[in-house]
1. Would you mind putting 207-216, 22-31, 153-162, 282-291 in packing order, based on average other-beta-carbon counts within 10 Å, highest first?
2. By a straight-distance test (C-alpha under 19 Å), which aspartates and glutamates pair with Lys71 as possible cross-link partners, with residues fewer than eight away in the same chain excluded?
3. May I ask which residue of Ile243, Gly100, Ile44 lies farthest towards the positive end of the charge dipole of the chain, with charges of +1 (Lys, Arg) and -1 (Asp, Glu) on Cβ and the Cα centre as origin?
4. For Ser364, what accessible area in Å² do you get when you roll a 1.4 Å probe over the heavy atoms of the protein chains, rounding to the nearest 10?
5. Name the lysines eligible as straight-distance cross-link partners of Lys78: C-alpha to C-alpha under 22 Å, and not fewer than 8 places from it in the same chain.
6. Computing the accessible area with a 1.4 Å probe over protein heavy atoms, can you report the carbon and sulfur percentage for the stretch 236-365?
7. With a 1.4 Å probe and all protein chains kept in place, how much accessible area does Phe330 have, in Å² rounded to the nearest 10?
8. Which residue, chosen from Phe160, Ile218, Gly201, occupies the Cα position most advanced towards the positive end of the dipole of the stretch 142-240, where the dipole is computed from +1 (Lys, Arg) and -1 (Asp, Glu) charges on Cβ about the Cα centre?
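The values are calculated or read from the model by the stated rules, or taken from the named source; none is laboratory data. The structure presented is a predicted model; accordingly, all values stated were derived computationally and were not measured. For neighbour counting, all protein chains shown are included, and Cβ atoms are generated from backbone atoms with ideal geometry for every residue, glycine included. For accessibility, only protein heavy atoms count, side chains too; no ligands or nucleic acids. Shrake-Rupley method; radii C 1.70, N 1.55, O 1.52, S 1.80 Å.
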Amino acid sequence: MSFSLRSYHAPDFSEPRFTGAPDAVFVETDLDFVAPENYHATAIYPEYFKIAGEWCLAPESRMDCVVVREKDGSLSVKEFRNLRKGDAVCVGRTEDGSEGIFVHSSGFGDRTNKRDLFAFRQGRSRETAYSADYDGLYELLQYEKDHGNIVWVLGPAVAFDSDSRKAFGALIAGGYCHALLAGNALATHDLEGAYKHTALGQDIYTQSTVPNGHYNHIDTINLVRRCGSIPAFIEKENIKDGIIYSCVKKDVPFVLCGSIRDDGPLPEVYADVYEGQDAMRGCLRKATTVITLATTLHAIATGNMTPSFRVLPDGTVREVYFYCVDIAEFAVNKLADRGSLAAKGIVTNAQDFVVNVAKGLGLSLE
């Protein structure tokens, strides 16, 4: 396998612009949940703050948060809703070091090749050739299986097809999924597929509508709730296949976040959006590769919570890989519009993508 991580190059803090910069300024908040005026908001890139003459990297960052200097001098990145009166929040709106704040956007170099000012087909669209992307993804996933943490973010379309359910189950069984983020619908229709062999009342193989099939997903939810939990349902009904079944069998954590349109929902679904966000972020704090698939809102939410880097336990800084896969070009490009500039887009059918990845990794769908 030829895959290797790109090296991280920290800023040269011996340069005069850094040695001559002032310390970053931290101002205590006077109210819970409210940052002081002129607060500094974080981006997806590594950010350094000068404290007592030393430049310090803020770990576990995420977009649109604030940096707090804790009592022990360490830095933490917090959502506004987690601020408390007395927290020391960094203030300053420049990012070039002149206020003791430096945003390092080129630590991993330029991912793109230099090219002519005018060239055809430079975007990511249905006409883009993705062969190299797939080959690179296979190598990345093989590396991350043993050396990283792979988080998948799935929309319900993945559960609507028999082969894609088998393929994703094989990915989980093969060790290529360390956490799964989704909504009520993905889990509901996947469990419906295992229990009734339908998704939204259509046979998951033939796509033919079965009599009274529109009851199947709510019957499934109702029975899961009667059982008390998804694992209890899987055991009681002798469920033997699917995405959620594979997560339970392999002890892979899954986070299901609710929405205003949910049926049921399933017992494990977070009804409180902020509790759900915290649970998602708990998984994403470990992520080194994230793949969002056929779920625009979940993809944007995940992108907002995922920085372009990860600080490993030994202090090494490594790159985080982020893929957004969707049949709609709009959905793929939406992440860049929302600030997730490091996301790589692939425009394709969700079911075909999962099957291709599983086969490309040599996994059996039987």
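1. Taking the mean over residues of other Cβ atoms within 10 Å, the ranking is 153-162, 282-291, 22-31, 207-216.
2. Counting by Cα, and skipping residues close in sequence, Lys71 has these aspartates and glutamates nearby: Asp23, Glu28, Asp30, Asp32, Glu54, Glu60, Glu79, Asp87.
3. Ile243
4. 80
5. Straight-distance partners of Lys78: Lys50, Lys286.
6. So the carbon and sulfur contribution to the accessible surface is 50 percent.
7. 130
8. So the residue we want is Ile218.
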